[in-house]
Amino acid sequence: MLKNDGIISPEELSPVVPPADRLARGPVAIIECLQDIPCDPCVSACPVKAIKMKEGITDRPLLEFDTCTGCGLCIPKCPGLAIFVVNMKHTPGMATVSMSYEQLPVPEKGQEVTALDRSGKDVGKVKVVRVVNPPGYDHTAVITIEVPADQVNNIRAIRV
Amino acid sequence: MSRNTEVFVIGGGPAGLSAAHVAAKLGAKTLLVDDSARVGGQLIKQTHRFFGSSNRDAGIRGVTIAEKLQQDIEEVSDRLTVLENTAAVGFYHNKEAGILSQKAYERVTYQAAIVCTGATENSLAFDNNDLPGIYGAGGVQTLMNVHGIRPGQKILMVGSGNIGLIVSYQLIQAGVEVVGVVEGMPTIGGYLVHASKIRRLGVPIYTSHTILKALGSDGVTGAMLSRVDEKFQPVPNTELEIKCDCICLAVGLTPLIDLFQQAQCRMVHVGELGGLVPLHDSAMRTTNPDIFVAGDASGIEEATTAILAGRIAGARAYETIHGKSPQAEAIVAEAREELRTLRSGSTGERIRWGRERVLKEVGEC
Amino acid sequence: MTSLRIDKHPVLNFPERKIVNFNFEGKQYQGFAGEPVAAALHAAGIRTLRHSPQKNRARGFFCAIGRCSSCIMEVDGQINTMTCITPLAEGMQIRMQKGHGTIKA
């Protein structure tokens with residue numbers, strides 16, 4: 001359970017995971033922000049206004065899955081580093097996961113890194129397919145890794 | 001030597017800088033003193049992006065917010081004097097105070113004072129809690145993020161509030177191995193996104209656990225943990241030995257209130273706000289009408305709300321001297337609305353209760 | 001200079017500073033000019049800054065902002081110096097004070 005050990009359980013995660021047909025259509029964000037905290041930078045980060053808050057700033061962000069283009073601009077803006085973009089349409093059997101990364105060294109495109117699950121357990125080697133780290137992201141790099149499709153909601157961090 | 005000012009601000013953290021900026025911008029001659037080498041308070045060690053509203057600094061790192069506040073006060077430098085390495089050491093009658101720099105003791109006469117002294121870190125009772133290698137979370141941040149020195153190689157964090165979780169993440173960024181986070185409560189205290197962030201980097205979070213003792217003779221070599229029951233009593237035969245070379249305590253803060261007591265402001269104990277705080281109204285005015293308060297000294301919260309309360313105090317202190325001002329009123333109205341929003345929702349519940357208790361005491365609620 | 005110094009940080013840039021020499025209990029060490037004495041000692045691997053006057057227990061630094069007095073030492077003959085907020089300078093003589101220390105005339 002998230003509130004006891006910091007690990008989001010599959011049941012806790014399910015409301016923020018897009019339905020299978022949306023996942024099949026290509027990149028989409030998964031906002032793993034499951035608590036009413038006063039925070040809203042993701043709302044203004046979204047260029048297509050797909051992220052909404054019902055009552056206001058202390059609500060959880062709600063993602064309109066069909067509006068989301070999976071552009072990933074919200075990823076580095078989240079102070080909780082809780083936004084991921086998954087692409088199930090990558091190659092047959094493989095998907096990608098994009099995530100924030102604020103450690104050293106920053107990996108390079110093509111580099112092999114260790115994939116970690118939500119508990120920090122090593123779940124194998126994966127390849128970095130994209131690194132976006134412009135000055136505007138202020139030292140929060142967005143790293144995209146290639147993962148087996150069945151691991152797309154399990155892998156949530158990397159060790160370089 | 002003596003100095004004369006209209007508004008006297010004590011403490012150059014987010015609250016004090018904001019208060020001084022607003023008071024000087026509105027037109028008051030302002031003096032700000034801070035006992036550290038560089039203003040910015042605890043913001044200068046915050047490498048993480050702040051939560052809150054994107055209208056006010058959310059998504060920006062604390063260090064960047066400190067730079068913004070420092071630029072703000074540059075803008076009003078014709079009316080604002082800033083003295084670093086200078087501590088306010090006494091409040092006397094007739095709107096007088098004493099300040100001590102490394103060179104001299106000086107007398108300050110003022111018309112309104114805004115006291116933003118912040119807070120001090122709590123310790124925790126356990127065997128050997130005085131060993132070298134046991135540091136406060138703020139101390140660890142200072143060492144690591146201001147001076148560029150790691151506290152050690154392997155560290156145990158005690159406390160899973162936001163400070164414990166955030167400092168754990170900062171330790172990982174600095175290349176320190178965090179061997180675990182210990183929390184007496186059955187659930188994590190801070191924001192869960194912060195907890196997930198360190199958990200997926202492999203840091204175990206030991207909820208319903210306590211630290212029984214620190215191991216080592218001249219310095220920390222490890223820690224003995226134990227499970228606790230629902231009454232927070234250690235459960236026998238659940239001891240767990242962890243190897244580490246330092247232990248970081250993130251077990252809360254207590255408002256720094258000595259100056260209010262010297263000035264004979266009425267104090268009130270509010271657990272939700274971290275202990276004894278000066279009684280104050282929604283203008284941040286204490287029971288001594290010339291003395292205002294803002295930031296953690298008025299109750300433990302965080303930097304964004306400290307900035308907003310500082311703005312209110314700065315505007316009201318200006319009005320105390322120069323009379324009603326529509327600009328001051330607008331600053332207060334805007335800050336109040338932002339504070340209301342930030343403190344709404346379930347995570348702001350304890351703060352709301354605490355704040356309401358203070359306002360009830362002064363008859364405003 | 002030592003393994004505890006952070007060479008590269010993912011977010012922060014530490015400005016270059018001048019290296020100075022100082023003396024702790026008769027031995028020579030190096031640190032950066034202007035950093036707190038306690039920080040320089042910590043980076044040099046020295047964690048015990050004094051012993052408590054009554055029970056002779058080792059004391060290190062704690063708060064790092066000049067509040068708690070855990071780090072008081074004798075610096076250039078001045079006892080009870082809060083080393084966590086005292087800037088390091090070339091040639092400083094730093095000692096662990098004995099007991100409560102002695103004020104020199």
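Quick note: the coordinates plus some simple rules give every number you see, no bench work behind them. Every value quoted in this text rests on a predicted model; they were computed, and no experiment measured them. All Cβ positions, glycine included, derive from the backbone under ideal geometry; neighbour counts span all protein chains shown.
Taking each residue in B:172-179, count the Cβ atoms of any other chain within 10 Å of its Cβ, then average. What number comes out? Let's see the in-between values first.
Values: counts 3, 9, 8, 9, 2, 0, 0, 0.
The per-residue average across the peptide is 4.
Toward the positive end of the charge dipole of the protein assembly as shown, about the Cα centre and with charges on Cβ (Lys, Arg +1; Asp, Glu -1), which of B:L276, A:M94, C:M96 goes farthest?
C:M96
For the protein assembly as shown, just the Cα atoms, rotate onto the principal axes and tell me the three extents in Å, largest first.
Principal-axis extents of the protein assembly as shown (Cα, largest first): 81, 64, 51 Å.
Compute the FRET efficiency between B:K243 and C:N56 as 1/(1 + (r/R0)^6), taking r as their Cβ-Cβ distance and R0 = 35 Å, and round to the nearest 0.05.
0.85
What size of dipole, in debye to the nearest 20, comes out for segment A:2-159 about its Cα centre when the only charges are +1 on Lys and Arg C-beta atoms and -1 on Asp and Glu C-beta atoms?
Working: 17 positive and 19 negative charges, 72 e Å.
Once rounded to the nearest 20, the dipole reads 340 debye.
Leaving out same-chain residues fewer than 8 places away, which lysines sit with a Cα under 16 Å from that of B:K197?
Cα-Cα hits under 16 Å: A:K3, A:K77, A:K121.
Based on alpha-carbon centroids, what's the gap between segment C:73-99 and segment A:88-136 in Å, whole number please?
Taking the Cα centre of each part, segment C:73-99 and segment A:88-136 sit 49 Å apart.
Looking at the protein assembly as shown only, what percent of DSSP beta bridges run antiparallel? Nearest 5 please.
In the protein assembly as shown, DSSP labels about 70 percent of beta bridges as antiparallel.
Report the far tail of the P(r) of segment B:1-149, meaning the percent of Cα-Cα pairs longer than 17 Å.
It works out to 66 percent of all Cα pairs.
Take the Cα gyration tensor of segment A:2-159, multiply each eigenvalue by 5, square-root it, and list the three semi-axes largest first, rounded to whole angstrom.
So the equivalent ellipsoid measures 23, 18, 17 Å along its semi-axes.
Can you work out the base-10 log of I(q)/I(0) for chain B at q = 0.06, 0.07 1/Å, using the Debye formula on its C-alpha atoms alone?
Once normalised to I(0) and log-transformed, intensities are -0.23, -0.32.
Anything over 31 Å Cα to Cα? Flag those among A:K54/B:K45; A:K125/B:K213; A:K89/C:K8; B:K154/C:K18, in the order listed.
The answer is A:K54/B:K45; A:K125/B:K213; A:K89/C:K8.
Quick one: dipole size for segment B:123-249, taken about the Cα centre, charges +1 on Lys/Arg Cβ and -1 on Asp/Glu Cβ, in debye to the nearest 20.
Working: 9 positive and 10 negative charges, 89 e Å.
Magnitude of the dipole: close to 420 debye.
Can you give the average number of partner chain beta-carbon atoms within 10 Å of each beta-carbon in peptide A:31-38, as a whole number?
That average works out to 6.
I'd like the mean, over residues of B:127-137, of how many other protein chain beta carbons sit within 10 Å of each residue's own Cβ.
Partner Cβ neighbours, averaged per residue: 5.
Sum up the charges of everything whose Cβ sits under 13 Å from the Cβ of B:V235, counting Lys and Arg as +1 and Asp and Glu as -1, but leave B:V235 out. Write out the running numbers ahead of the final one.
Values: positive: B:R227, B:K231; negative: B:D229, B:E230, B:E239.
The answer is -1.
Sort B:H209, B:H93, B:H269 so that the residue with the fewest other Cβ atoms within 10 Å of its own Cβ comes first and the one with the most comes last.
Starting with the residue having the fewest Cβ neighbours, the order is B:H93, B:H269, B:H209.
Looking at segment C:1-92, send over the antiparallel percent of its DSSP beta bridges, to the nearest 5.
90
Expressed as an acute angle from 0 to 90° and rounded to the nearest 10, what is the orientation of the C-alpha long axis of helix B:14-26 relative to the principal long axis of chain B?
20
At 25 °C and a viscosity of 0.890 mPa s, what translational diffusion coefficient does Stokes-Einstein give for chain C, taking Rh as the Kirkwood radius over Cα pairs? Give it in µm²/s as a whole number.
Rounded to a whole number, D works out at 172 µm²/s.
Check cross-link reach from B:K29 to the aspartates and glutamates: straight Cα distance under 20 Å, and skip same-chain residues fewer than eight apart.
The qualifying aspartates and glutamates are B:E6, B:D72, B:E74, B:E75, B:D78, B:E84, B:E96, B:E106, B:D290, B:E319, B:E329.
Hey, got the dipole for chain B? About the Cα centre, +1 on K and R Cβ, -1 on D and E Cβ, debye to the nearest 20?
So the dipole magnitude of chain B works out to roughly 460 debye.
Please give the FRET efficiency for A:E55 paired with B:Q71, using the beta carbon to beta carbon distance and R0 = 56 Å, rounded to the nearest 0.05.
Taking R0 as 56 Å, the efficiency between A:E55 and B:Q71 is 0.95.
Can you tell me the order of B:37-47, C:67-77 when each peptide is scored by its average per-residue count of other Cβ atoms within 10 angstrom, highest first?
Taking the mean over residues of other Cβ atoms within 10 Å, the ranking is B:37-47, C:67-77.
How many angstrom lie between the Cα centre of segment B:126-140 and the Cα centre of segment A:34-57?
The two parts, judged by their Cα centres, are 39 Å apart.
Could you work out the helix-only [θ] at 222 nm for the protein assembly as shown, with each DSSP H run of four or more residues adding -39,500 (n - 2.57) and the total divided by the number of residues, to the nearest 500 deg cm²/dmol?
-6000 deg cm²/dmol
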